[in-house]
Amino acid sequence: MHTAAPTAAIAELVGQLTLEEKASLLEGTEAWNTNGVQRLGIRRLFLTDGPHGVRKVRANTGAFGLAEAEPSTSFPTSTTLAKTWDPELSRAVGAAIGRESAALGVDVLLAPGVNLMRSPLCGRNFEYFSEDPLVSGVFGSAFVQGVQSEGVATSVKHFAANSNEDYRFVGDSVVDERALRELYLRAFERIVREAAPATVMCAYNQLNGTFCSEDASLLTRILRDEWGFDGVVMTDWGATNDRVAGLLAGCELDMPGDVAHNRAAIIAAAQDGTLPAEVLDRAAARILTLVERCTHDHGHPAGPVDEAAHAALATRVAVEGAVLLANDGTLPLDRSRGGLLVVGEGFERMRFQGAGSSLIAPPTTTSAKDAFDARGIDYRFARGYRSLDLAPDETLEREALAAAATAETVLFFGGLGDLEESEGFDRTTMAISESQQRLLAGLVATGAKVVFVVSAGAPIEIPCADELAAVLLLSLPGMHGGEAAAQLLFGEANPSGKLTESWPKTAADASSAADFNRGPIAQYAESIYVGYRFHDAAGTELAYPFGHGLSYTTFEYRDLTVRSDDERVLVSVDVVNTGARDGAEVVQVYVRNNRGRVFKADKELRTFGKVHVAAGDSERIELAFPLAELAYWDVAEHGWVLENGAYEVLVAASTADIRLTAPLVVFSGRPSRSPYSPTVDRAYSTPPHGIPGAFADLVGRPIPAPRATRRLELNGRLGDARGSLFGGIMLRAVVGRGQKDLDAALALPDGLERDARVKSANFVVRMMPSMSLRAMSMSSGGVLPYGLARGLSEMAAGHPIRALRSILGARRPAPSPAAAPVVLQEAR
Ligand code: BGC
């Protein structure tokens, strides 16, 4: 048990609290606050999202429009940030958001999200950094340090193995111990050890059969005892299952709170001794320590916000995070040459951010059209498609193709729309909308050079890939994404971003394809073979490999030296710019694993760096990583083991473009010995296609069978119960409200406000079928009392008397006088 003692002052304060006050400190209120204790001068904390800016809603009106939120710089989303491969930019963005948070009175920023991109189909990949734990950890750590340097706390989320949206409220991620340690926990570990985040947010899902919000192994033994975390663990919004079990496991703060049942359960458990006094006091002390730590509004007055500097930073990240996926020399464009046709709604209304809890209200935006017009570029424009309408619009399509008949070069702005990609639901395909596919094919058929400028938060299938002149991936580039596009397209800036995830040709080739979103039991049967760790050894023919990205110049790598001692491996190499333009190159250092008895990925990223090199010049880059990071997690010893053997250092421009190699022999470790059964060794010596029978053996217990209930249950998805009487009623009730908002939003005049409302309402409508009664109750801020939720499930199970008892026992908490009514959508 972690026993970091509170300061004497905190201990004394805890001593003055009544049981009721302690219980109240451990839950949130009014969607975004913790409870204070006025009598003792303990103030409330204000928490808000993250991670791409500050999403501070002005009032709990229930709407998700931009008008309801305070303006804040809308930075490129995390996936774009990581594609810069420059952690200093992550620190700078964190510091800027921290500064804006402080100015808006935010105590805790709910960011960063560091879950791994296990599947290209996860709707929330845009909020994450990478499929690789090193990239995720390094960017997450720098971001946390940046935010916290401004006196604002962070909440690293979602702890852990939250890799899909469709089953996030009820699902069980079945992950073997080694994959958990080497991949899913590793970014969190780095961040906790390096950056000491003030809080961690536990995920909604279950991990190996236990809800993360009540997993003592995760929240206490690993997080605190092993990694030394000394902050507060809070739930994701509505992630509590059993509140007392959560507290006992090490989850201090229940968000968004106002669940009378939870407060009563704490009080009852404290009174009957099931919740020991020291556990309760320790949790209260941790909350009070957090209150003390959030110093910015007492002692550290918020510094001034330099909006122009933040806007410039957002543009810079968008430029450096853009990835030139393909180019036959058409890019950069010569702006003095005529014959340019621009096609695609995304040109005028660039999709610069994702939907859901990270939606930011930017003070201003720059579309590509704004940026082209500011430069006086000569072009014709055809809208081509409507992103809120996935079916082709024949008239728009005809107009675009007719215009293309006389064009030399066509810039096509497209990718994923807000109806296709969002928090709250996953995609089922990597294909883009039919309307965009048809348009691209038609444009290519005219014989014009077609450049595809992509806005998308996750990999897509690129139609007609071989016939396109160039593909420029902007990802979701933040409020000045259009300016970044113009700088890159016209060669004012040279692309230098690289992919932080593999781009398979279709979703069927993804490393998690055998399992992803097949049901509530997510079998992480690929184990350690995630992303490039899978594709490398499986020989998948990819669209674009991890680490890939082109430049308008070319680089050569020369004179590799590798030195190592028992502690560190030092790698240095010359990067020579052999082209005619200044540019920047991301140098990736992978280590090919030894061939021992323990199955391993072929190679793994161990360090990386970005170097700016003037045309014709050469720069020496020096990189290092700890030798200990070559260790694998040994499931017999439950610890890291470094194996002796012949490794190889690979200096590469992507996983598929290895430029120089050097041997690395390890003597200081241990002889190779497999901790697995022969069946597991056999099944996992190469990446498994399908789910091997040995998976249960690897996990160490039988894989649970999904319960095939169609009834409304506390922990089932509403959508799965839609055919039942109660399930149908419930689903219609919750979706109905969202649908009304969606219809109202669709009726608004064209513009940013409409876009924001449409995507937010769509997010709610699409997410609700994945909700469980329990999660809904826990996130409703008291609107759906837990007793009522339980009563409904009992009624659905045919126990009317029991149901009546539950319902009558459910009491709504009295709203606090200052509180505006909290509605379901906000208090998700
Ligand atoms: C999301 C979190 C977010 C929270 C508050 C949840 O649904 O998963 O990432 O911080 O809502 O908006």
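Taken over region 541-617, the percentage of Cα pairs per 5 Å bin, counting from 0 up to the bin with the maximum distance, is 3, 12, 18, 20, 19, 14, 8, 4, 2, 0. Taken over the Cα atoms of region 326-436, the convex hull encloses 128 Å³ per residue.
Here the contact order of the chain, divided by its residue count and restricted to Cα pairs under 8 Å and six or more residues apart, works out to 15 percent. Among beta bridges identified by DSSP and lying wholly in the chain, the antiparallel ones come to about 60 percent.
Do the alpha carbons of any pairs in K369/K759; K56/K157; K157/K740; K83/K505 sit beyond 24 Å of each other, and which pairs? K157/K740, as the Cα separations exceed 24 Å there. Put simply, region 307-539 fits an ellipsoid with semi-axes of 29, 21, 18 Å; these come from the alpha carbon gyration tensor as the roots of five times its eigenvalues, largest first.
Leaving out same-chain residues fewer than 8 places away, which aspartates and glutamates sit with a Cα under 13 Å from that of K610? Excluding near neighbours in sequence, the set is D86, E88, E320, D574, E585, E619, E622. Under Stokes-Einstein, with the Kirkwood radius over Cα pairs standing in for Rh, what whole-number D in µm²/s applies to region 719-824 at 4 °C and 1.567 mPa s? Translational diffusion coefficient: 84 µm²/s. Among the cysteines of the chain, those with no neighbouring cysteine Cβ under 4.7 Å are C122, C251, C294, C464. For H52, what accessible surface area do you get with a 1.4 Å probe? Give it in Å², rounded to 10. Result for H52: roughly 10 Å² accessible. Among the chymotrypsin sites (Phe, Trp or Tyr not before Pro) in region 639-729, those located in a DSSP loop and surrounded by at most 16 other Cβ atoms within 10 Å of their own Cβ are F667. Applying both filters, DSSP loop and at most 16 other Cβ atoms within 10 Å, to the GluC sites (Glu not before Pro) of region 628-694 gives E637. Of T289, T80, T686, the residue with the largest accessible area leads and the full order is T686, T289, T80 (1.4 Å probe). Here is the tail figure for the chain: Cα pairs spaced more than 38 Å apart come to 40 percent of all pairs.
Summarising the label geometry, the points placed 7 Å from Cα in the beta-carbon direction at R563 and H799 lie 7.0 nm from one another. Estimated from the Cβ-Cβ distance and a Förster radius of 51 angstrom, the FRET efficiency linking A708 and A309 is about 0.35. With all protein chains kept in place, the per residue accessible area of the chain amounts to 34 square angstrom at a probe of 1.4 angstrom. Taking every C-alpha pair closer than 8 Å and separated by at least 6 residues, the mean separation divided by the residue count of region 307-539 gives a relative contact order of 31 percent. The share of alpha-carbon pairs in region 740-781 lying farther apart than 17 Å comes to 41%.
The values are calculated or read from the model by the stated rules, or taken from the named source; none is laboratory data. These numbers were taken from a predicted model, which means no experiment stands behind them. Note that each Cβ is placed from the backbone with ideal geometry, even for glycine, and that neighbours are counted across all protein chains shown. SASA here: full protein model, heavy atoms, side chains in, ligands and nucleic acids out. Shrake-Rupley method; radii C 1.70, N 1.55, O 1.52, S 1.80 Å.
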